[in-house]
Amino acid sequence: MTGSMWRSVQGLIGRLFPASYRWPAQDIRLDYRLLHLVGSIHMGTRDMQPLPARLLRQLQKADALIVEADITQGGSPFDDIDPREPLERRLTADDRSRLEALCGELHLSPTMFDTLPAWQIALMLQAQQAQRLGLRPGYGIDYQLLQAAKQLNKPVIELEGAEVQIALLKSLPDDGMALLQDTLTHWHTNARLLQMMVSWWLDAPPRQPRIALPSTFSSALNDTLIARRNKEWRDRLRALPAGRYVVAVGALHLYGEENLPTLLQQ
């Protein structure tokens, strides 16, 4: 049997009998490239450490670890952000009231956000929410994989990098006000979504990529932050040289409409 025929048979077997994992993951074969896609959570609970032994074996066999950004490198990406106008000039009365109520719940002073861009306020609030749910960056899946890759002397490939991610946020219309408004509007829904994703690691992941997920983004934001990036990552992953790769991206990129596994298989 020729090499190309054998790869075709392997691909068919993989589609008919996909490997099953107890974490959110899917194997994708692209000719001479085998990708183990991992649905990461950027902040995790203590119970999510250590990583499953089977996942670490996948990393041992891999030629490289691929992540959205190497979060173990460099300082804060927020150091060079110019101050904005006070929030009272930028927020509607309703949004300001919701933000103040949320700050009271989180025991935060609204003045700490006063001159920050709206997208940065949204990210800080989301991080506070995750911490209140018991999640910590040191238990995040991509952070643990990066630490393991360093111990194994595995190369790390970034799909974007922190600078590209910050540039994307800075490019959002109206300084990312829609992201802040969605964060305020879908606060409790986002908490349930975080708990759901934690359960994918502690209990069982979804078996189908096209599952219905709670909506926490507007359609335009979902297109910018999820769908468009999935297409860019698909192109980058298809351009990889031959080899085996562990690819850790945010878990939401593996499920729902226009998910990354489906795009890669098209």
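Checking each residue in region 197-224 for being under 20 Å from Ala127 (Cα atoms), assigned to a helix (DSSP H, G or I), of a type outside the set (Val, Ile, Thr) and in contact (Cβ under 8 Å) with a residue 12 or more places away in the chain picks out Met197, Trp200, Trp201, Leu221.
Of the numbered criteria (1) buried (at least 19 other Cβ atoms within 10 Å of the Cβ); (2) modelled with pLDDT of 90 or more; (3) not acidic (Asp, Glu), the one Met196 fails is (1). Here the condition is being touching a helix residue (DSSP H, G or I) at 6+ places or on another chain (Cβ under 7 Å) and either assigned to a loop (DSSP other than H, G, I, E, B) or modelled with pLDDT under 95 (or both); of Leu37, Leu65, Leu51, Leu56, it holds for Leu51 alone.
Residues of region 207-261 that are of a type in the set (S, T, N, Q) and either closer than 18 Å to Asp70 by Cα or open to solvent by less than 30 Å² (accessible area, probe 1.4 Å) (or both): Thr216, Thr224, Asn230, Asn259.
Just one residue in the set Asp79, Asp47 is surrounded by fewer than 17 Cβ atoms within 10 Å (Cβ to Cβ), of a type outside the set (S, T, N, Q) and under 23 Å from Gly161 (Cβ atoms); that residue is Asp79.
In the set Arg15, Arg29, Arg7, only one residue is open to solvent by less than 60 Å² (accessible area, probe 1.4 Å), under 23 Å from Gln266 (Cα atoms) and either out of contact with any His (no Cβ under 6 Å at 6 or more places or on another chain) or at pLDDT 95 or above (or both); that residue is Arg7. Count of region 181-193 residues, restricted to those that are open to solvent by less than 20 Å² (accessible area, probe 1.4 Å) and either touching a strand residue (DSSP E or B) at 6+ places or on another chain (Cβ under 7 Å) or of a type outside the set (A, V, I, L, M, F, W, C) (or both), is 1.
The values are calculated or read from the model by the stated rules, or taken from the named source; none is laboratory data. Bear in mind that the values here come from a model prediction, so they are computed numbers and not experimental data. Glycine also receives a Cβ, built like all others from the backbone with ideal geometry; neighbour counts cover every protein chain displayed. Ligands, DNA and RNA are excluded from the accessible area calculation, which covers all protein heavy atoms including side chains. Shrake-Rupley method; radii C 1.70, N 1.55, O 1.52, S 1.80 Å.
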